[in-house]
Every structure is written in C-alpha cells, then in structure tokens.
Amino acid sequence: MNGEGSESLSKTTKSILNKHGIRLNKNLGQNYLIDKNKRNQIINFAELAKEDVVLEIGAGIGTLTIELAKRAKKVIAIEQDSNICEILNQRLKNEKIDNVELINEDALKIEFPKFNKIVSNLPYQISSPITFKFLDYDFDLAVLMYQKEFGERMNGEVGSKNYSRLSAMLYFKCDVNPLTEVSCESFIPKPKVDSIVVGLTPKESELSTEQFNIYSKFTKALFQHRNKKIRNALIDSRHIISNLDKKEIKKRLNDIDNKKLNDYLSKRVVVLTPEEILFISKELNPIFND
C-alpha cells in the first residue's frame, strides 16, 4: 500500500468512478494517480505562486486540478473524454472552485490559452507529440509525468541506447531534470511500467525559429535510421528534408567538397552530438533545397 493518505485518495477516486459508472481505458492513457504523497510532491515541484497560470493536459477527474487551483491564479485544464470532463466540472462546482478553465478538446488539435507553467500526468500515448507541441510555447517550468523509459530518453546521452530524436530536440530548448520515480502501484488501472516525473526548464536559445525548424527536420530524418551512417540515413529519409529524388540527393552528397562534412557523413547517426547535427543541417539544407 502507499500509506494512509494514498489509500484515502484511492478510495475517493474509486468512489467517484463507481458512482458514475466509469471504466477507465488504459489504451487511452487513462491511468489515474492514487498516491496522495506523490500528487503533493508533483505539485510542490512546480513551486506555484498566486500569479501563475497552469496548463494541465489530461485533467481526468481533477486529482491534480483541484489542488493546483488552490495554489495558482488559474488552471487551464484540458480533458478529451466528455464524460470525465462533466464529472470534473461538477466536482469544481461542488468545491466552489471558479479559477479553472475546463476545455473538452483534444490537446493536440487546439491552440493553448496563455499560461506560464505546465503540470500534468500526461496520457502516455501522446507523450511525444504533446512534448514537441509544448516546445512551440513560452513557459517558465513544466512538471510532467511520463513512462519511465520515455523520460529516460528525454535526457539520453550521445551514443547510448536512450539517445534519440527526443534527446536531440530538447537539447536546444530546455534543461531536462528527473525529479522522482513513481511506481506502477500508484495508479488505477495499474500500468505495466513505472513512471517518472520530469522537470523542463526552457533555455535561452541562440537559434532562430527558422534555424530550429531546419534542425528539427534533419533530426527527424536522421533518427528514423539512428544506427545507419549519416549519408545513408539522409538518402533514405530524403522526403523529410528535400523534394529531390534519390538519384539527385546521392549526386549532391557525392559532390560535397568539405572534409569536415564528409567525415560526418561517414559516421553513424547515434554518435553525433546535437551541435554536430546542427552543423550538418546548416551545411546541407541549402545544398538540398536550392
């Protein structure tokens, strides 16, 4: 068991779900946190002040939402399931909480209202796209729960099994800080894997939006073939970075008269640092798109 406080949250959660005849769907990422101590820890990591506007994705029945609302100026809570959303709406009324903007939409398909912090137990199946979407917004701090394996890939070291497109993309955008692990026993329904809470703090980037977009395209193309040599990865993923056909891409790569660049082209994707990927993207983008 997770202690008396956790059992209380567990009972509350199960009671609400049973009352409304709700069966949670693990395939939709509906794993609800029932560990009160972990919930409080997550909220404390966000260091909320009364002027903060918090974005929450996958609000569920309000396990985080209600407590966040007590500490922040406003909470923007997004929940896709309309039945769950109505339950949360009623809970907010019962608790006389009026500083939550509840949005019944798919978080991947809407523009977010203005916010400065993010606190979420994210639906696992949208972890990657929602994280990339966060990078398009300005914020001060994000405290996010992910599957443990995904969280470890966010901070993967170059050359390691955890080094990924995700690691490379986050490198120029924010510092990634593992905060605490959360056992699978802390959720209903119980997932098959443990989770991890990660803090994201945005960095001041020297890259312009255009430069980062180019870097992003090359990173996506390269990491589709992380164990191949750069040259072959670019040829195989040419559609992501250029409109040229395979024959023309090969010709332009073979015509490159730059020793440093040619040295990189013979290396495997997984050993390149983000700075080296950036160099490659700056050098090759005009060659592939003139």
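The values are calculated or read from the model by the stated rules, or taken from the named source; none is laboratory data. Given the structure is predicted, the values throughout are model-derived calculations rather than measurements. Methodologically, a virtual Cβ is constructed for each residue, glycine included, from the backbone with ideal geometry; neighbour enumeration extends over all protein chains shown.
A residue that is modelled with pLDDT of 95 or more, among the aliphatic types (A, V, I, L, M) and not in a strand (DSSP E or B) occurs nowhere in segment 188-210. Comparison of ASP263, ASP290 shows that the only residue that is charged (D, E, K, R) and assigned to a loop (DSSP other than H, G, I, E, B) is ASP290. Given the structure, is LYS260 assigned by TED's automatic domain parsing to the domain that holds GLY60 and either on the phi > 0 side of the Ramachandran plot or of a type in the set (D, E, K, R) (or both)? Against the criterion (assigned by TED's automatic domain parsing to the domain that holds GLY60 and either on the phi > 0 side of the Ramachandran plot or of a type in the set (D, E, K, R) (or both)), LYS260 does not qualify.
If you take the residues in segment 64-107 that are among the acidic types (Asp, Glu) and outside any helix (DSSP H, G or I), which one is farthest from ALA142 (Cα to Cα)?
Across segment 64-107, the extreme among qualifying residues is GLU95.
Taking the conditions (1) assigned to a helix (DSSP H, G or I); (2) under 25 Å from the mean Cα position of the chain (by Cα); (3) crowded, with 18+ Cβ neighbours inside 10 Å in turn, LEU253 satisfies each one other than (2).
Taking the stated definitions as given, is ASN162 surrounded by fewer than 20 Cβ atoms within 10 Å (Cβ to Cβ), assigned by TED's automatic domain parsing to the domain that holds SER8 and out of contact with any helix residue (DSSP H, G or I) (no Cβ under 7 Å at 6 or more places or on another chain)? Judged against the criteria, ASN162 is not a match. Using the structure shown, decide if VAL270 is part of a strand (DSSP E or B) and either buried (at least 18 other Cβ atoms within 10 Å of the Cβ) or among the aliphatic types (A, V, I, L, M) (or both). In short, no. Does segment 85-92 include one or more residues that are free of Cβ contacts under 8 Å to residues at least 40 places away in the same chain and of a type in the set (Lys, Arg)? For segment 85-92, residues free of Cβ contacts under 8 Å to residues at least 40 places away in the same chain and of a type in the set (Lys, Arg): absent.
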